[in-house]
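For reference, the structure discussed in these notes is given below.
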Amino acid sequence: MTDRYAVFGNPIGHSKSPRIHALFAAQTGQDISYQAILADREGFAAAVSAFIAAPGGAARGANVTVPFKEEAFRLATRRTPRAEAAGAVNTLSFEADSIVGDNTDGAGLVRDLKHNLGCDPAGRRVLLLGAGGAARGVILPLLLENPAELVIANRTEETAARLALEFGRLPGCAVMVKPDGTGFPNLAGRAFDLIINATSAGLSDASLPLPASVFAPRCVAYEMVYGRNTPFMLQALASGARVADGLGMLVEQAAEAFFVWRAVRPRTASVLAALRPAS
Ligand code: NDP
């Protein structure tokens, strides 16, 4: 019987996940189905239960996107350390007596940086913009890459300061650099080798008040939003930075989820190429 998977979100019509997982399954010869499910805003847990109970092959897992990642965290009966650190779950595995919650976003970002973009965070001065769910999900994976420093800057400075404090105290992570949390004005005069925009400002074409100094020579500027040239990307380009959008992260977090479910790691280059609109 074909194993069943799905992605839950609201909205969900735009999701590229069914296509990505269909391409992974074809490439690796895995017998799975993968559908997009629009869950009511108040009905996430019920939608997951209905999916598990539906006839056909066994429901083995699901991806979870906006706005349900925190609810998925609570729904999981067991969680991986990276999901615990993120405080959110984007990958569920349905086992006989448990629902395992994982978070593959940070691994996806790091893999895109290192393998697709040739940008290893190790030893780099890293600036993370934003302190929402996406930022929180990538902090631990970034710290584990041993950057020279990690500064979290956010419009609401206190949120960045709180995140930095929290991740500076993680048990068992004493060797990591401690992140610093700040507001945008305090970035004046500072320079970074890797800048990751995890704000949602680009979705509304809003600019970020970044001083030009932040883009060090040969800086890589990474925008988590994909499918548009955001003001952050345009500012970074004008400052001489190398710019990437978040499509690679999307594909890599999916590949990581596929690996969690199937113990087979799909190759991503051809999938990324298939999704990238011809320019
Ligand atoms: P949240 O709503 O949790 O957080 C939004 C963040 O953006 C906050 O830090 C907020 O600051 C900041 N922000 C919003 N508008 C502005 C603005 N105009 N100027 C400055 N800062 C602003 O969203 P998420 O963290 O879940 O998602 C952030 C982005 O990451 C989204 O655009 C999402 O599409 C993208 N993403 C991409 C992924 C991928 O695979 N490529 C995966 C996950 C997310 P404040 O605290 O001050 O409100």
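The condition (being without any contact (Cβ under 8 Å) to a residue 24 or more places away in the chain and either over 17 Å from L142 (Cβ atoms) or surrounded by fewer than 17 Cβ atoms within 10 Å (Cβ to Cβ) (or both)) is satisfied by just one residue among A273, A257, A236: A273. Does A201 satisfy the criteria of being outside the structural domain of K16 (by TED's automatic domain parsing) and either under 21 Å from L113 (Cβ atoms) or without any contact (Cβ under 8 Å) to a residue 40 or more places away in the chain (or both)? Criteria met by A201. Across region 169-203, the qualifying residues are those that are more than 18 Å from the chain's Cα centre (by Cα) and part of a helix (DSSP H, G or I), and the one among them that is nearest to the ligand (Cβ to nearest atom) is F184. A238 meets all of the listed conditions (1) in the same structural domain as A148 (by TED's automatic domain parsing); (2) within 13 Å of the ligand (Cβ to nearest atom) but one, namely (2). Among the residues of region 30-45, those identified as among the hydrophobic types (A, V, I, L, M, F, W, C) and outside any strand (DSSP E or B) are A39, F44, A45. Within region 9-62, work out how many residues are in contact (Cβ under 8 Å) with a residue 60 or more places away in the chain, surrounded by fewer than 16 Cβ atoms within 10 Å (Cβ to Cβ) and over 24 Å from A88 (Cα atoms). Residues that pass the stated criteria total 2.
The values are calculated or read from the model by the stated rules, or taken from the named source; none is laboratory data. Predicted, not measured: the structure shown is a model, and the values here were computed from it. Note that each Cβ is placed from the backbone with ideal geometry, even for glycine, and that neighbours are counted across all protein chains shown.
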